[in-house]
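The structure under discussion appears below in the form of structure tokens.
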Amino acid sequence: MTNLNQALFDRASLTSPGGVNSPVRAFRSVGGTPRFIKRAQGAYMWDENDTRYIDYVGSWGPAIVGHAHPEVVSAVQEAATQGLGFGAPTRAEVEMAELLCTMLPSMAQVRLVSSGTEATMSAIRLARGFTGRDLLIKFEGCYHGHSDSLLVKAGSGLLTLGNPSSKGVPVGVSNNTLVLPYNDVPALKTLFAEKGDQIAAVILEPIAGNMNFVRASFEFMNALRDLCTEHGVVLIIDEVMTGFRVGLQCAQGLYGIQADITTLGKVIGGGMPVAAFGGRADIMAHMAPLGGVYQAGTLSGNPVAVAAGYTTMKLIQAPGFYENLRAKGAALLDGLTHAAHAAGVPLSTELEGGMFGIFFSEQVPKSFADVMASRVDLFPAFFHGMLDEGVYLAPSAFEAGFISAAHTDDDVAQTIDCAKRAFARIANQ
Ligand code: PMP
């Protein structure tokens, strides 16, 4: 039988660099042929060969209510009949902004954009415009999209390809980005003591999901909040991945900390291109057309995309929604841990809401260095063992996993069963 994934990949490679529109999709670090997805429903995806997969990527986070949820699809269809976009304000954008500002206490005002990259890039420009300072602090292994300032020691696809900084970023730009180790309070204090009055912003993933899954410690988050306040530095909490994925209050709610600016994406678009940045009213007042910081977008607040996002945001407010996600995630991780240990494979796991991490290490990593010290060499064989049995994991050891409300107990049990065989395959490596 012709492998239609391979045939499409061959064709795609002629007209697209690497055959894909986003690097990690190319399976470079795990090898093999990317699956070309024909359709998805609930917890499942089907590729061009009509093979079904239980999906733990969820479109890299957005599919929290499951793929193609009927209410989301019908909201999109309804919006589309009214026109695909106007480049003028709409009622739906007002309702979406009101919803976001109500749900996130640190967000007095918000601007909608179309990708997480746009959200973080704009948040940094705003922080620089607001403070009149240039320096930006980020943390090793955190990924915040692909704008120039942020492609320094970053995670996600850059780690997967083994090159955490990108070519093509001018030295003049990267010089203004200072990189510190994640969860390192003394390093943070030293840098603030030296350069506190030159720093415009600190940006971080509160639970880093682009070097697998590494939580910020409470101590680290508190120190960060205090130092930023003390030195007039804008604290940007990048919740593109964690926002409404780890819980209704987002990660900052779990830490009891308020960002000055929060960036959102993924879940708030429900699978369509919606992202956002927003925060303190005095900071947001610097945005054009009110203030001097420019930012704009032809497709920003697109009505069809907002319909998907808004409906998803309503569905996640159902009572018990996150408890259910958490219970399924915990059952999955418990089962995987038992299966790995029974096979003699080292495994530790992390879970928050519907976001999880699986590490080939005895202990959960606390930093980028810890992640790199785990047995990432075991991942490709594990990944393919699972894929061969119909379980779709992110094709990289450096990405978090996602579970949705559509995953059933049976899906979880099947996944664990597949993992038993996959662990047996790698046990002696
Ligand atoms: N910030 C974080 C924390 C992310 O996880 C991502 C994407 N994985 C981005 C920003 C960039 O978002 P996008 O891919 O939509 O540009």
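Can Pro17 be described as more than 16 Å from the ligand (Cβ to nearest atom) and modelled with pLDDT of 95 or more? When the stated conditions are applied, Pro17 passes them.
Across segment 55-65, the qualifying residues are those that are outside any loop (DSSP other than H, G, I, E, B) and buried (at least 23 other Cβ atoms within 10 Å of the Cβ), and the one among them that is nearest to the chain's Cα centre (by Cα) is Gly58.
Against the definition (under 30 Å from Pro62 (Cα atoms), at pLDDT below 95 and surrounded by fewer than 18 Cβ atoms within 10 Å (Cβ to Cβ)), how does Ser165 come out, yes or no? So Ser165 passes the test.
Does Cys228 count as within 22 Å of Ala123 (Cα to Cα) and either more than 16 Å from the ligand (Cβ to nearest atom) or free of Cβ contacts under 8 Å to residues at least 40 places away in the same chain (or both)?
yes
Take segment 119-135 and flag every residue that is buried (at least 24 other Cβ atoms within 10 Å of the Cβ) and within 14 Å of the ligand (Cβ to nearest atom). Those that are buried (at least 24 other Cβ atoms within 10 Å of the Cβ) and within 14 Å of the ligand (Cβ to nearest atom): Ala119, Thr120, Ser122, Ala123, Ile124. Before we move on, is Ile268 within 13 Å of the ligand (Cβ to nearest atom) and either within 12 Å of the chain's Cα centre (by Cα) or not in a strand (DSSP E or B) (or both)? Spelling it out, Ile268 is indeed within 13 Å of the ligand (Cβ to nearest atom) and either within 12 Å of the chain's Cα centre (by Cα) or not in a strand (DSSP E or B) (or both). Report whether or not Thr177 is within 25 Å of Phe402 (Cα to Cα), within 16 Å of the ligand (Cβ to nearest atom) and either touching a residue at least 24 places away in the same chain (Cβ under 8 Å) or exposed (fewer than 14 other Cβ atoms within 10 Å of the Cβ) (or both). Spelling it out, it is not the case that Thr177 is within 25 Å of Phe402 (Cα to Cα), within 16 Å of the ligand (Cβ to nearest atom) and either touching a residue at least 24 places away in the same chain (Cβ under 8 Å) or exposed (fewer than 14 other Cβ atoms within 10 Å of the Cβ) (or both). When segment 281-302 is filtered for residues that are crowded, with 21+ Cβ neighbours inside 10 Å and outside any loop (DSSP other than H, G, I, E, B), the ones remaining, listed by number, are Ile283, Met284, Met287.
The values are calculated or read from the model by the stated rules, or taken from the named source; none is laboratory data. These numbers come from a predicted model, not from an experiment. As a convention, Cβ positions derive from the backbone with ideal geometry for all residues, glycine included, and neighbour counts pool all protein chains shown.
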